[in-house]
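This report refers to the structure that appears directly beneath it.
The values are calculated or read from the model by the stated rules, or taken from the named source; none is laboratory data. It should be emphasised that the depicted structure is a prediction, and the values quoted were computed from it without experimental measurement. No Cβ is skipped: glycine too gets one built from the backbone with ideal geometry, and neighbour counts run over all protein chains shown.
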Amino acid sequence: MPTATTATPRTAAPRIAVVGAGPGGLTCARVLQRYGLPVTVFDRDGSPDARTQGGTLDMQADSGQAALRAAGLLERFLELSRPEGQQMRLLGRDAALLFDLVPEPEEAYKPEIDRGLLRGLLLDSLAPGTVHWGHHLTAVVPLGDGTHRLCFANGATSTADLVIGADGAWSRVRALLSDAVPAYTGVTFVEAWLDDADTRHPELSALVGEGTMMALADSKGLLAQRNGNRRIRLHIGLRADRSRFEHLDLADARAVRAALVREFAGWDPVLLRLITDNDGRFVDRPLFALPVPHTWTTTPGVTLLGDAAHLMSPFSGMGANLAMLDAADLAGRIATEDTLDTAVRAYEATMLPRAAEAAEGAAEGLAGAFSPDSTAHTLQHLAAFAEALRPGEAGVAAR
């Protein structure tokens, strides 16, 4: 991608509006500001602390870390990240350890960072007032000359030469470019947490390890990931119709646990304790994805990045990484191309095929992980990753 030292001078700065203050939107704003270009980010949250930011993210060397380097934030990220979180562990339904890839001390192929820390890092890097909080986008109106008027629920409006939709899965900006809407993948996650895991849940903490633990079999799975602050985030995954658990009240922890234990009948008791001994606060997380490939015709004055452009299952491992790489690529194009139109066209020519390849892999990964042969499929995938990372050592990770 272009570097911040190669920007082409402009006689007039374009009015750039980014919708969404997630990792992609904030990265785009940061890189634009490094080039000396003004940008405004609009976000529906009332403040940066209006809600929790979820679990942890890995930042991969050739995508998320590349974007952080373009943003001038890679060194600070490495200081905040948890390299030990790169550990990947696969168990069978009998709790037998099948695969355990433990990072070497100097390895940084995809260190973990809590979403809140990453967001704080990006926000702190922006000029004061860049993000306009409490701006829930209700409409984007084309004005006929390539510009657009953004309308917000609080009555505010803004006109932009370029609108960048970084507004996630249910993007409002997307409708300007595409009729596509996310479709249910057939897999639902139920999310829960283990708080103060080392002290309150020591056996389960040891089972999970320092990074990600997966137990996948029979078209279902238990996926646990260590976060900062001694927490473990748990996803209980099932291939199921959306109507399957409509009768369940997620606030009734006892009923939810009983229903999930029935689904995992025959699994080892220690694995079932991830269901029975967690701290509750169950959250429904059905997985949705956009069509593959998701494309559109380049349109003056508007483009997309991240989930707004290519929502896919988390089995790509690329969500936030792709969003941030999109953002850095787009910002570099805006700064170095002669016009916004040529910048957007060049960006989309690179982003769309890259996203299609990742989305196809994500769909295949999800299908394999939640299939009758899910254990063997996942073990093969992890072994291939280990072989690519450390040639000749994949057998060391597989037990």
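Any residue in region 166-174 that is in the same structural domain as Gly22 (by TED's automatic domain parsing), more than 30 Å from Arg231 (Cβ to Cβ) and among the basic types (Lys, Arg)?
Among the residues of region 166-174, at least one is in the same structural domain as Gly22 (by TED's automatic domain parsing), more than 30 Å from Arg231 (Cβ to Cβ) and among the basic types (Lys, Arg), which makes the answer yes.
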Task: Conditions (1) touching a Lys or Arg at 6+ places or on another chain (Cβ under 6 Å); (2) of a type in the set (A, V, I, L, M); (3) assigned to a loop (DSSP other than H, G, I, E, B); number of the one not met by Ala343 - done: (3)
Open item on the list: I'm told Gly221 meets every condition in (1) modelled with pLDDT of 95 or more; (2) of a type outside the set (Asp, Glu); (3) farther than 30 Å from Gly306 by Cα; (4) surrounded by 13 or more Cβ atoms within 10 Å (Cβ to Cβ) except one. Can you identify the failing condition by its number?
Closed with: (3)
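Conditions (1) under 20 Å from the mean Cα position of the chain (by Cα); (2) at pLDDT 95 or above; (3) outside any loop (DSSP other than H, G, I, E, B); (4) not assigned by TED's automatic domain parsing to the domain that holds Val131, marked per residue:
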residue	(1), (2), (3), (4)
Gly36	no, yes, no, no
Ala50	yes, no, no, no
Gln53	yes, no, no, no
Gln65	yes, yes, yes, no
Phe77	yes, yes, yes, no
Arg89	no, yes, yes, yes
Ala95	no, yes, no, yes
Leu98	no, yes, yes, yes
Tyr109	yes, no, no, no
TODO: Please report, ordered by residue number, the strands (runs of 3 or more DSSP E) entirely within region 230-307 with at least 3 residues that are closer than 30 Å to Val173 by Cβ and free of Cβ contacts under 8 Å to residues at least 60 places away in the same chain.
DONE: none
Task: Selection from region 308-326 of residues that are assigned to a loop (DSSP other than H, G, I, E, B), among the hydrophobic types (A, V, I, L, M, F, W, C) and out of contact with any Phe, Trp or Tyr (no Cβ under 8 Å at 6 or more places or on another chain) - done: Met312, Met318
Open item on the list: Quick test of your reading of the structure: Thr342 fulfils all but one of (1) touching an Asp or Glu at 6+ places or on another chain (Cβ under 7 Å); (2) farther than 30 Å from Phe385 by Cα. Name the failing condition by number.
Closed with: (1)
